[in-house]
Ligand code: 4G0
């Protein structure tokens, strides 16, 4: 997968390619990434990239001409890439969408807006998909693009080590991950749950399943709204219910 980021602040995105699993994925030749400075495609003496909004009002709007040339340049180096605008007005990004991108796309071009937004004719004419990482506003699309790239890249086979498969992550099956512990066995008087030290793999599996469904219920009940519980999860929740009832009675 080839990722291109169109931005007025390439210095903000450049370090992203050089660290952690993204850098490893690039070294392995599984992904590649580059930045294109939109300002390089401005032709006037002052390299203008923004202008005042028609109709008046505060703030500035990104001019269409440099953006159009930047997108064309990106697509020339990244053919059949999907052109994505990071914007608070976009479709909400989530794990299923990350999985779809990782599976279906050969390349992705991210347009990062600044100022109050970009000229609507660019959105209409050049953008394939408008995506938001959540209901909040950033000063630019760069952080949002990096979040999307990070989550898509780690789903590409081989980018994560075989040891740290992305297949069993939170959200992959609509449940939060179970609680994790490492040494020491006793940390400031808090002990690791005994079952995890037992070596009994079946009991450990059951404990993790209970941990997973209970934290999902407590921390993100919305994830269970349209989910169907399997028999094991129903048993876990019924038992939990009885434990709570006993607690209330005593
Ligand atoms: C385009 C994405 C880009 C339009 C980008 C802002 C939040 C997100 C930008 C605007 C962003 C997100 C209309 C304010 C840049 N902020 N939630 N800022 N407008 O994904």
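Numerical summary
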{"item": "Residue count, segment 63-97 (criterion: in contact with a strand residue (DSSP E or B) (Cβ under 8 Å, 6 or more places away or on another chain), away from the ligand (no atom under 12 Å from the Cβ) and outside any loop (DSSP other than H, G, I, E, B))", "result": "10"}
{"item": "Failed item, numbered, when residue 69 is tested on (1) without any contact (Cβ under 8 Å) to a residue 60 or more places away in the chain; (2) farther than 15 Å from residue 8 by Cα", "result": "(2)"}
{"item": "Residue, farthest from the ligand (Cβ to nearest atom), within segment 120-137, restricted to residues that are assigned to a helix (DSSP H, G or I) and surrounded by 13 or more Cβ atoms within 10 Å (Cβ to Cβ)", "result": "126"}
{"item": "Hits in segment 100-114 (condition: within 8 Å of the ligand (Cβ to nearest atom) and in a loop (DSSP other than H, G, I, E, B))", "result": "113, 114"}
{"item": "Test: residue in segment 149-162 that is within 8 Å of the ligand (Cβ to nearest atom) and either within 23 Å of residue 12 (Cα to Cα) or not in a loop (DSSP other than H, G, I, E, B) (or both)", "result": "no"}
{"item": "Residues being more than 23 Å from residue 11 (Cβ to Cβ) and either touching a residue at least 24 places away in the same chain (Cβ under 8 Å) or in a helix (DSSP H, G or I) (or both) - total across segment 39-56", "result": "1"}
{"item": "Checking residue 178 against (1) surrounded by 11 or more Cβ atoms within 10 Å (Cβ to Cβ); (2) assigned to a helix (DSSP H, G or I), the condition it does not meet", "result": "(2)"}
{"item": "Qualifying position, being near the ligand (Cβ under 7 Å from one of its atoms), modelled with pLDDT under 95 and crowded, with 16+ Cβ neighbours inside 10 Å, among 140, 117", "result": "117"}
{"item": "Residue selected from segment 27-42 under the condition surrounded by 10 or more Cβ atoms within 10 Å (Cβ to Cβ) and out of contact with any strand residue (DSSP E or B) (no Cβ under 6 Å at 6 or more places or on another chain), by the criterion farthest from residue 121 (Cα to Cα)", "result": "28"}
{"item": "Test for residue 148: is it exposed (fewer than 13 other Cβ atoms within 10 Å of the Cβ) and touching a strand residue (DSSP E or B) at 6+ places or on another chain (Cβ under 7 Å)", "result": "no"}
{"item": "Which numbered condition residue 3 misses (of (1) surrounded by fewer than 19 Cβ atoms within 10 Å (Cβ to Cβ); (2) under 18 Å from the mean Cα position of the chain (by Cα); (3) outside any helix (DSSP H, G or I))", "result": "(1)"}
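The values are calculated or read from the model by the stated rules, or taken from the named source; none is laboratory data. The shown structure was predicted, so the numbers you read here are calculated from the model rather than taken from an experiment. Quick reminder, even Gly has a Cβ in these numbers, built from the backbone with ideal geometry, and neighbours come from all protein chains shown.
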